[in-house]
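Visitor: Quick one: this structure, given as structure tokens, is what I'll be asking you about.
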């Protein structure tokens, strides 16, 4: 049986909490902070200086640039792209802030400087160009409010209980 070698890049001065899992071919840059129970998917790129809170899950092929701050209990779906340069290429950058409990669907794009509110949901494929209020579900290009997180949970429960 051939031994497999997992190749990841972990930068300097990275703080890794308890129970963190980093899957194959991930990049974690210098001065990153990963809270307890964080999961980083394959091919994810977590650039320098990023902070990710406890029990957050970052799926594969996600790009998180410098200056991004992500709270606790956040889910980031596959191929999500965060940005930090509103006028590329610029000499001045600004990060994205994702508050606790947010859900970001696959292939969403988040504009530099945006704040995603606590317990909000970003639908898959959305392009988020403005702040998202807490407990709000947004979708579309550009992303617009659809309904509340409470309605989202109701729909999710109905979906999960269907036969």
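The values are calculated or read from the model by the stated rules, or taken from the named source; none is laboratory data. Just so we're clear, the structure is a prediction, and the values are computed from it rather than from any experiment. FYI the Cβ positions are ideal-geometry reconstructions off the backbone, even for glycines, and counts take in every protein chain you see.
Visitor: On the basis of being without any contact (Cβ under 8 Å) to a residue 60 or more places away in the chain and closer than 19 Å to residue 129 by Cβ, does residue 86 make the cut? Before you say what the answer is, go through the steps one by one.
Guide: Values: without any contact (Cβ under 8 Å) to a residue 60 or more places away in the chain: yes; closer than 19 Å to residue 129 by Cβ: yes.
Spelling it out, residue 86 is indeed without any contact (Cβ under 8 Å) to a residue 60 or more places away in the chain and closer than 19 Å to residue 129 by Cβ.
Visitor: Further question on the same structure: Does residue 147 satisfy being touching a strand residue (DSSP E or B) at 6+ places or on another chain (Cβ under 7 Å) and part of a strand (DSSP E or B)? Before the answer, list the steps.
Guide: Numbers: touching a strand residue (DSSP E or B) at 6+ places or on another chain (Cβ under 7 Å): yes; part of a strand (DSSP E or B): yes.
Considered against the rule, which asks whether it is touching a strand residue (DSSP E or B) at 6+ places or on another chain (Cβ under 7 Å) and part of a strand (DSSP E or B), residue 147 comes out as yes.
Visitor: A further question on this structure: Take residue 29 and decide whether it is at pLDDT 95 or above, surrounded by fewer than 22 Cβ atoms within 10 Å (Cβ to Cβ) and farther than 16 Å from residue 97 by Cβ. Walk me through it before giving the result.
Guide: Working: at pLDDT 95 or above: yes; surrounded by fewer than 22 Cβ atoms within 10 Å (Cβ to Cβ): yes; farther than 16 Å from residue 97 by Cβ: yes.
Considered against the rule, which asks whether it is at pLDDT 95 or above, surrounded by fewer than 22 Cβ atoms within 10 Å (Cβ to Cβ) and farther than 16 Å from residue 97 by Cβ, residue 29 comes out as yes.
Visitor: Still on this model: Would you be able to say whether some residue in the range 30-53 is in a loop (DSSP other than H, G, I, E, B), touching a strand residue (DSSP E or B) at 6+ places or on another chain (Cβ under 7 Å), farther than 22 Å from residue 121 by Cα and touching a residue at least 24 places away in the same chain (Cβ under 8 Å)?
Guide: Filtering the range 30-53 for residues in a loop (DSSP other than H, G, I, E, B) gives 30-32, 35-38, 41-44, 47-50, 53.
Applying the additional criterion that residues be touching a strand residue (DSSP E or B) at 6+ places or on another chain (Cβ under 7 Å) yields 32, 35, 38, 41, 44, 47, 50, 53.
Adding the requirement that they be farther than 22 Å from residue 121 by Cα leaves 32, 47.
Checking which are touching a residue at least 24 places away in the same chain (Cβ under 8 Å) leaves us with none.
So far as the range 30-53 goes, no, none of its residues is in a loop (DSSP other than H, G, I, E, B), touching a strand residue (DSSP E or B) at 6+ places or on another chain (Cβ under 7 Å), farther than 22 Å from residue 121 by Cα and touching a residue at least 24 places away in the same chain (Cβ under 8 Å).
Visitor: Which one of these does residue 137 not meet: (1) crowded, with 19+ Cβ neighbours inside 10 Å; (2) in a loop (DSSP other than H, G, I, E, B); (3) without any contact (Cβ under 8 Å) to a residue 24 or more places away in the chain?
Guide: (2)
Visitor: Inspect the range 63-77 for any residue being crowded, with 17+ Cβ neighbours inside 10 Å, under 22 Å from residue 129 (Cβ atoms) and without any contact (Cβ under 8 Å) to a residue 24 or more places away in the chain and give the result as yes or no.
Guide: yes
Visitor: Among what's in the range 110-131 and is assigned to a loop (DSSP other than H, G, I, E, B) and touching a residue at least 24 places away in the same chain (Cβ under 8 Å), pick the residue that is farthest from residue 96 (Cα to Cα). Full working, then the answer.
Guide: Of the residues in the range 110-131, the ones assigned to a loop (DSSP other than H, G, I, E, B) are 111-114, 117-120, 123-126, 129-131.
Right, trim to touching a residue at least 24 places away in the same chain (Cβ under 8 Å) and you get 111-113, 118-120, 124.
Numbers: 111: 7, 112: 6, 113: 5, 118: 13, 119: 16, 120: 14, 124: 18 Å.
In this case the residue turns out to be 124.
Visitor: Output the number of residues of the range 81-106 satisfying the condition of being in contact with a strand residue (DSSP E or B) (Cβ under 8 Å, 6 or more places away or on another chain) and part of a loop (DSSP other than H, G, I, E, B).
Guide: To start, the set of residues in the range 81-106 that are in contact with a strand residue (DSSP E or B) (Cβ under 8 Å, 6 or more places away or on another chain) comprises 81-83, 95-99, 102-105.
From what's left, part of a loop (DSSP other than H, G, I, E, B): 83, 95-96, 99, 102, 105.
The qualifying residues number 6.
Visitor: From the list 62, 114, which one is under 26 Å from residue 17 (Cβ atoms) and under 11 Å from the mean Cα position of the chain (by Cα)?
Guide: Answer to the selection: 62.
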